[in-house]
Amino acid sequence: MWTVRNRRELEAVNESELLVGHIIAGGHDWVCRATGGTDGISLGDPDGLLHVSVGGSGSKMLPVAGEHFVKFDQWKIDFPQTTGEYSLRLSIRVVETNETRCILEPTFSIQTSLLDTHPTLDLKSVGGIVNRRTLTASTTDDSVAVWTISLAGNAGTIAVLLGPHDAPFTTDQSGEDRIQLQLFGEFLEKGVIRKARPWIVLDRSESGITDADLTSLSEALCQTPLPLVF
């Protein structure tokens, strides 16, 4: 399902490898980038509004991507700790995809070899009208925090869902025109692995993402176990 390639950007002063993943469904190419460093991570097409970006909080950069591989419907990327504060492992699972909608499950796993760190990741989508709500899954009674953004220029709609294991440990810094969520942020003890697993819905249909869609997705998220291994 994933097709992954490196693309060298020659315009930069220092050449950098862009790690680009493609999901082709119904004739539409959904594009994600997982380069890290100054390029960050883009879940969705970074050349338009229909994407969610992930980067280090403040002036801090992500580690740079190293080894990666595809296993079934998952693209797995290792961002090793070199001169930074932490290492990051990312597994992007394709939950569902067609020509107008792509649902992704990125699982972020962070770990550090240092004694005193408070690593944070910023997950953002900018350029539209934001709505936030909380839904309760009828099968589990778990609460799911949901953010939606209707992008300008009919570029589409994005939803970000956080389940009960992630929402309490996420800082909401969103505004009227942007989703901005700070993942992690607490003290990270050396050797401890901490994970976060939002669901990202990218929709380019005329009808957008309905309330019924969000209810169904919330139920599915709560019933999907957190991956135990990278």
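Fewest Cβ neighbours within 10 Å first, please rank Ile149, Ile24 accordingly. Kindly include the intermediate steps, with their values, before the conclusion.
Values: Ile149 26, Ile24 14.
Ordered by Cβ neighbours within 10 Å, fewest first: Ile24, Ile149.
In the chain, how does Rg compare with the Kirkwood Rh, expressed as the Rg/Rh ratio over alpha carbon atoms?
On the way: Rg = 16.9 Å, Rh = 17.9 Å.
On the Cα set of the chain, Rg over Rh gives 0.94.
What is the distance in Å between the Cα centres of segment 183-230 and segment 103-126?
13 Å
Place +1 on the Cβ of every Lys and Arg and -1 on the Cβ of every Asp and Glu in segment 1-107, take the dipole about the Cα centre, and give the residue among Thr107, Ile24, His51 whose Cα lies farthest towards its positive end.
Thr107
Return the long-range amide H neighbours of Asp142 (sequence gap of 5 or more, or a different chain), with a cut-off of under 5 Å between placed amide H atoms.
Counting only residues 5 or more places away or on other chains, the set is Ala137.
When you count, for each residue, the other Cβ atoms within 10 Å and take the mean per peptide, how do 80-87, 187-194 rank with the highest first? Numbers along the way, then the final one.
Values: 80-87: 15.5, 187-194: 12.9.
Final packing ranking: 80-87, 187-194.
From the phi of every residue in segment 101-118, what ³J(HN,Hα) in whole Hz does the Karplus formula 6.51 cos²θ - 1.76 cosθ + 1.60 yield, where θ is phi - 60° and glycine or proline is x?
9, 9, 10, 10, 10, x, 10, 9, 10, 10, 8, 9, 9, 9, 8, 9, 9, 10
What is the fewest-to-most order of Glu17, Glu67 by other Cβ atoms lying within 10 Å of their Cβ? Each step should come with its number before you reach the end.
Numbers: Glu17 15, Glu67 9.
Starting with the residue having the fewest Cβ neighbours, the order is Glu67, Glu17.
Please arrange Asp177, Asp203 by how many other C-beta atoms lie within 10 Å of their C-beta, fewest to most. Intermediate results must be reported in sequence, preceding the final value.
Values: Asp177 14, Asp203 22.
In order of increasing Cβ crowding within 10 Å: Asp177, Asp203.
Taking 8 Å as the Cα distance limit and 6 or more residues as the minimum spacing, I'd like the relative contact order of the chain as a percentage.
Contact order relative to length: 17 percent.
No value in this document is a laboratory result; all are computed from the given coordinates. Since the structure is predicted, the reported quantities are computational estimates derived from the model, not experimental observations. Positions of Cβ are backbone-derived with ideal geometry, glycine not excepted, and every protein chain shown enters the neighbour counts.
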